[in-house]
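Okay, so here's the structure we're looking at.
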Amino acid sequence: MPKDSGIGASSKRREDVRFLTGSGNYTDDINIFGQLHVHFLRADMAHAKLNGVDTAAAEAMPGVHRVFTGADFEAVGGIPCGWLITDRFGQPMQEPRHPVLAHGKIRHVGEPICAVVADTLAQARDAAEAIVLDYETLPAVIDMKAAVSDSSVKVHEELTSNLCYDWGFVEDNRDAVDAAIKGAAHVTTLELVNNRLVANPMEPRVAVGEYNRSDDMHTLHTTSQNPHVIRLLMGAFVLGIPEHKLRVVAPDVGGGFGTKIFHYAEEAFCTFAAKALNRPVKWTSTRSEAFMSDAHGRDHVTKIELALDADNNFVAVRTETYANMGAYLSTFASSVPTWLHGTLMAGNYKTPHVYVNVKAVFTNTVPVDAYRGAGRPEATYQLERVIDMAARELGVDPIALRRQNFITEFPYATPVAVEYDTGDYHATMDKLEEIADFAGFKARRAESERNGKLRGLGINCYIEACGIAPSNLVGQLGARAGLYDAATVRVNATGSISVMVGAHSHGQGHETSFPQVISEMIGIPEDQITIVHGDTSKIPFGMGTYGSRSLAVCGSAMVRAAEKVINKAKKIAAHLLEASDGDIELKDGRFSVAGTDKSVAWGDVTLAAYVPHNYPLTDIEPGLEETAFYDPANFTYPSGAYACEVELDPETGHVKIDRFSAADDFGNIINPMIVTGQVHGGIAQGIGQAMLEGCVYDADGQLLSASYMDYAMPRALDVPFYTVDHSCQTPCTHNPLGVKGCGEAGAIGSPPSVVNAVIDAIASGSGKAVAHIDMPLTPSRVWAAMQ
Amino acid sequence: MLRLMASMRFREDFHVRVSMTVNGRNVSGEVEGRTLLVEFLREGLHLTGTHVGCDTSQCGACTVHVDGMQVKACSMFAAEADGAQVATIEGVAANDGTLSAIQQAFQDHHGLQCGFCTPGMVMAAASLLKANPKPTEHEVREHLEGNICRCTGYHNIVKAIMAASGQEMPALAAE
Ligand code: FES
Ligand code: FES
């Protein structure tokens, strides 16, 4: 019997009602009396020397209050990068200044140059056309390998080259890996591109800055996944505003997928301008602006080698990756191709020797940073593609080859510095074979062939490191922040509860799932519990939502705070029941004395805490509110096995995704309905990457895919119903809920199986064999590869 | 009328008075010739349930009904809706707050996550089911051609719409 409330119940989402009735409160729905509007004049050239900006005519236009330029921001800080990478020679990465508005130099299409603030947006836009720029176009550098050649133009003159860092991991393994590859019976080599993507949450970014002169208080309303991170980065590093004078509010946010983690220039601008003009200042991104100003994702060019012994055991993996940073370092850009990617290169396999080399490169393109999965999809894609390729070269079954090399004993320390606590990769593969109906594939293929089509089945495994992250570890690795989270459990006098959390919900349903945990712990109905998030003036200092961390990290903080509350409540109950607190049990919302029929209700205890007439005031304080900070002991390691079945029309190269199945191990699960939905959404994004999406620059740095007309988003007809199962559960061993995180799995686990399926379909035909096709697998690419 | 509007398009200083019925309420206001219907709804009437997700009329977040037809409110000038009956997401639930069958199905089947595409999805679904009360899965997907959702992967949206049409799909239950 499925439960109808508490942990494990598919409780319906309470946030749905406001979203379904048009009563959500997204940042663009916020309008403040007296607010002005800003329009950014953005670069339409990729690389130029900016000699001067003449704003006089624009400032004289109707409704214009002021036109800001880069010179106005010379005295403030640049947009900071939150992670220092040390290269393989022990040197710090090259870290150029990232100005709020371009100053002296333009480095990518879309870079903001001037900001026009006017009474209306239309006036600001009109006035921007009257700004005169004095600039000299410079040759742009777009291709990463060209960017690191000695003759390349430099994106940043002050740096020695366009190479941000050359990172080796684990550098001490390098020789052992080289030797293992040299001595291997078989080596499969694959060169591939992990295509550049644009995250495209449906809500574009918005920022509304406010300033109150009477108390010198700044408020920023913004579309953020982590308001405290923005407050820290913008306050401390850019604008020099102390925390107690800066409030950051992220209300309902319409999807993030990573791209709303980062601190952006527009946020700093609106906060700065609100004080300069003593008026609220609002910016709403258009979708076209989003394409050229939201941080992009992926964009790796990789060569991977997989070495096997004569018995098909994996003996070594060696990779060399070029990772595009774009023109500036976005907030977590430097960590994505390194610590979020290199540490996963062992995958689900007991490969003894692994070496990962990553060259991060500056180019005249939009900054690149984390997008759903962040580094882990890149790791999974190359590994799971090269394994499939090896199976094909060796003529062995790709599932058997994987199974043979699975890690089966836990905890398992990989050669790339992480320790997997639990997992059961055979179990998820067994489950996949069942739900994807591998047994029926032959018949389905025959049916497709009768219709003149080719059918392919592709599978892959994945492992990810989630629940980001142990602070002391990431500190050693260069993180400039701690990655704990925090929660305050405030019990009200009549027993209802407000929980203030550092995590931010922008589609994940925390307002529903977090109360399920508290309800289970205390035994009161879920509707007695409310979650408060997204406002630094209300919540404790938590680090927000990304890296599938909300429940594993913030949820753990919430559990710890609730435990403190329960311990204190037990003392109060003991007093009321005239028993010793060691004998008090809490069940179904009642405290009772073990072995007796004496009991007192939750609400009576909470009332006593706030009306402490009969109360042990000498021993404990009145009130019932506790805060906990939780710093995880390790990452969590969700894993799984995915299968994609495609039907390919050999005449046109058109691929139809016919079936998609996912068997995941997320450890314990709080709300299965929500978890399933997260996997669905991730799979669609993975199918989007594999089949449709690709961000394209021309050689001059013009962004060719700058709207939904040229950037293909997955639509309802592009995807099938998915079969999703998460009944294989090996609970996380080091957090109190045993949860692992589920938000990114779908996007990490799906691209390789799509590509593997297409290669399999082509191989089943009579034409020439195709070893690899780069994503997205558009009909023209597939058709061309088959000719 | 439409021709007159076309000649006004590029005259931003040109103000026009518009009147229309929105969710059964008579409203009027002064707009610029270039004001879009979605801007009038959001900024003029503070009906912020209708969202803007793009600037090329491709995402469907702004979907409303004008005189019973499904329309992208970013692809129409406010002045073009003068005299029209406009229905937005705010008018879909009953006055006492009871959700419509489609809204309820979206909640029951987890057909929304961040909620940003949701008003447009609900309005699109309503117009589909009006014209085609028992659509097939393929017809539902085809009808959503102009509505992008980045969160749900469409699975539960399609299922919710099928369920709202009275065609339960037990094998595909959300959980
Ligand atoms: S805002 Fe109207 S279609 Fe995107
Ligand atoms: S629910 Fe977020 S875009 Fe559809």
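Computed from the coordinates by the stated procedures, all read-outs in this text should not be read as laboratory data. Keep in mind that what you see is a predicted model, and the values were worked out from it rather than measured. Note that each Cβ is placed from the backbone with ideal geometry, even for glycine, and that neighbours are counted across all protein chains shown.
In loop segments of the stretch A:99-196 as defined by DSSP, the GluC sites (Glu not before Pro) with at most 10 further C-beta atoms inside 10 Å of their C-beta are A:Glu157, A:Glu158. Net charge dipole, the stretch A:672-777: roughly 360 debye, given to the nearest 20, about the Cα centre with Cβ charges of +1 for Lys and Arg and -1 for Asp and Glu. Note on A:678-691: average number of Cβ atoms from other chains within 10 Å of each residue's Cβ is 3.
Rounded to the nearest 0.05, what FRET efficiency do A:Arg18 and A:Leu84 give with R0 = 51 Å and r taken as the Cβ-Cβ distance? Could you check?
E between A:Arg18 and A:Leu84, to the nearest 0.05, is 0.80.
Across the stretch A:192-249, the fraction of Cα-Cα pairs farther apart than 12 Å, rounded to a whole number, is 71%. Going from the residue with the fewest nearby Cβ atoms within 10 Å to the one with the most, A:Ile497, A:Ile399 rank A:Ile399, A:Ile497. If you take all other residues with their beta carbon under 13 Å from the beta carbon of A:Val208, and give Lys and Arg +1 and Asp and Glu -1, the sum is -1. Charge tally for A:Asn735 (other residues, Cβ to Cβ under 14 Å; Lys, Arg +1; Asp, Glu -1): -1. Report summary: the helix-based calculation at 222 nm, which adds -39500 (n - 2.57) for every DSSP H run with n ≥ 4 and divides by the residues of chain B, gives -7500 deg cm²/dmol.
Per the Debye formula on identical point scatterers at the alpha carbon atoms of chain B, with no solvent, log10 I(q)/I(0) at q = 0.11, 0.12, 0.14 Å⁻¹ is -0.48, -0.56, -0.73.
The Cα center of the stretch A:733-787 and the Cα center of the stretch A:99-159 differ in position by 36 Å. Each 5 Å bin, from zero up to the one with the longest distance, holds this percent of the alpha carbon pairs of the stretch A:228-330: 2, 9, 14, 17, 14, 11, 7, 6, 6, 5, 4, 2, 1, 1, 0. When peptides A:688-697, A:546-555, A:226-235 are sorted by average Cβ neighbour count within 10 Å, with the highest value leading, the order is A:546-555, A:226-235, A:688-697. Between B:Gln167 and A:Glu129, the FRET efficiency from the beta-carbon distance, with R0 = 51 Å, is close to 0.45. Among A:Ser334, B:Ser19, A:Ser707, the ranking by other beta carbons within 10 Å of each residue's beta carbon, starting with the fewest, stands as B:Ser19, A:Ser707, A:Ser334. Taking a ≥ b ≥ c as the square roots of the eigenvalues of the alpha-carbon gyration tensor, the stretch A:544-625 is classed prolate because a/c is 1.5 or more and a/b outweighs b/c.
Considering only A:Ala391, A:Ile407, A:Ala374, the residue lying farthest towards the positive end of the dipole of the stretch A:371-471 is A:Ala391, judged by Cα position with unit charges set on Cβ. Under the shape rule built on the C-alpha gyration tensor, where the axes satisfy a ≥ b ≥ c, the stretch B:14-91 is oblate, since a/c reaches at least 1.5 while a/b does not exceed b/c.
So if I take the centroid of the Cα atoms in the stretch A:467-507 and the same for the stretch B:82-107, what is the distance between those two points in Å? What the calculation gives is 37 Å, centre to centre. Think of the protein assembly as shown as having a plus end and a minus end, set by charges on the Cβ of Lys, Arg, Asp and Glu; of A:Gly78, A:Asn671, B:Ala124, B:Ala124 sits farthest toward the positive end of this dipole. When chain B is treated as a GNM with alpha-carbon contacts under 10 Å, the residue of B:Cys74, B:Cys59, B:Cys151 showing the greatest mean-square fluctuation is B:Cys151.
Pairs with C-alpha atoms separated by more than 31 Å, drawn from the list A:Lys245/A:Lys570; A:Lys245/A:Lys282; A:Lys154/A:Lys768; A:Lys564/A:Lys740, are A:Lys245/A:Lys570; A:Lys154/A:Lys768.
Relative contact order of the stretch B:101-164: 57 percent, from C-alpha pairs under 8 Å at least 6 residues apart in sequence. For the pair A:Thr627 and A:Ser707, a Förster radius of 30 Å applied to the C-beta separation gives a FRET efficiency near 0.10, rounded to the nearest 0.05. Tilt of helix B:155-164 relative to the longest C-alpha principal axis of chain B, in degrees (0 to 90, nearest 10)? Once rounded, one gets 90 degrees. Taking the fewest neighbouring Cβ atoms within 10 Å as the starting point, the ordered list for A:Arg715, A:Arg450 is A:Arg450, A:Arg715. Here the stretch B:101-164 is assigned +1 on the Cβ of each Lys and Arg and -1 on the Cβ of each Asp and Glu. Its dipole about the Cα centre then comes out at about 80 debye.
Net charge in the neighbourhood of A:Leu617 (other residues with Cβ under 14 Å of its Cβ; Lys, Arg +1, Asp, Glu -1) is 0.
Entry note, chain A: the mean residue ellipticity at 222 nm calculated from DSSP H runs of n ≥ 4, each adding -39500 (n - 2.57), is -7500 deg cm²/dmol after division by the residues and rounding to the nearest 500.
What the Cα convex hull of chain A gives, in volume per residue, is 177 Å³.
Both the radius of gyration and Dmax for the stretch B:106-169 are 10.4, 28 Å, in that order, over alpha-carbon atoms.
With +1 on each Lys and Arg Cβ and -1 on each Asp and Glu Cβ, and nothing else charged, work out how big the dipole of the stretch A:302-393 is about its Cα centre, in Debye to the nearest 20.
Dipole magnitude for the stretch A:302-393 comes out near 220 debye.
Each peptide in A:770-783, B:113-126, A:195-208 was scored by the mean count of other Cβ atoms within 10 Å over its residues; highest first, the order is B:113-126, A:195-208, A:770-783.
Does the stretch A:637-787 come out rounded, prolate or oblate by the C-alpha gyration tensor, with a ≥ b ≥ c the root eigenvalues, rounded set by a/c under 1.5 and, if not, prolate when a/b is larger than b/c and oblate if not? Prolate shape, in that a/c is at least 1.5 and a/b is the bigger ratio.
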